[in-house]
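Shown next, in structure tokens, is the structure this report addresses.
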Amino acid sequence: MTEITLEPWAEDDLDLLRRLNTPEIWAHLGGPETEEKVVERHRRYLDLGEPGRMFTVVLPDGVKAGTIGYWEREWQGETVYETGWNVLPEHQGRGIAKAAALAIIEEARAEGRHRRLHAYPSVDNPASNAICRKAGFTFAGEHDFEFPKGHFMRCNDWYHDL
């Protein structure tokens, strides 16, 4: 399996968010964000505390390859964790996102607040749906989501029992 570590989100991770803010990476999420929105996202990631956390995905050589995190959301009458990730294009296709998903499952499990961790990739995002499958998530169906605000998308609901 691909070796990665998760490091808590830090002040110097803003550059990573900027590098991830591309049309390619945000194609299934409504397109790239403005600089102001990227900075707001960085602040939210820094302020996200328990329950939930954001992390950088770090390779053995210290290179930051992407992001992953988990946070609370209300879903079908229950409070659950949600997860989401991004991996820089030059690191895609090497099992990094799967390794990060497996690691985030353990992080959420260790926090011990909720029974399930959900991921909601776009139905049009085969790579993220494959990561869910490979990381042992269970497919629960399709749903419409508003993300970002004002942009509606059709997503698959995947969950992992914690």
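Every number here is computed from the coordinates shown, using simple stated rules; none is lab data. The structure displayed is predicted, hence computed values, not measured ones. So basically every Cβ, Gly included, is an ideal-geometry build from the backbone, and we count neighbours across all protein chains shown.
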Where in the stretch 1-30 does the label zone of K134 land, with the point 7 angstrom along Cα→C-beta and an amide N cut-off under 14 Å?
1-4
Per-selection Kirkwood Rh - the stretch 20-70 (Cα, Å, 1 d.p.):
12.3 Å
Assuming 0.36 nm per residue, please report the length gained on full extension of the stretch E11 to F145 beyond their Cα-Cα distance.
45.3 nm
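Calculate the FRET efficiency for E3 and R115 from the Cβ-Cβ distance with a Förster distance of 30 Å, rounded to the nearest 0.05.
Once rounded, the FRET efficiency stands at 0.55.
What order do you get for R116, R43, R18 when you list them from fewest to most C-beta neighbours inside 10 Å?
Values: R116 18, R43 11, R18 14.
Ranking R116, R43, R18 by Cβ neighbours within 10 Å, fewest first, gives R43, R18, R116.
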What is the projected area of the convex hull of the Cα atoms of the chain, averaged over all directions, in nm²?
8.9 nm²
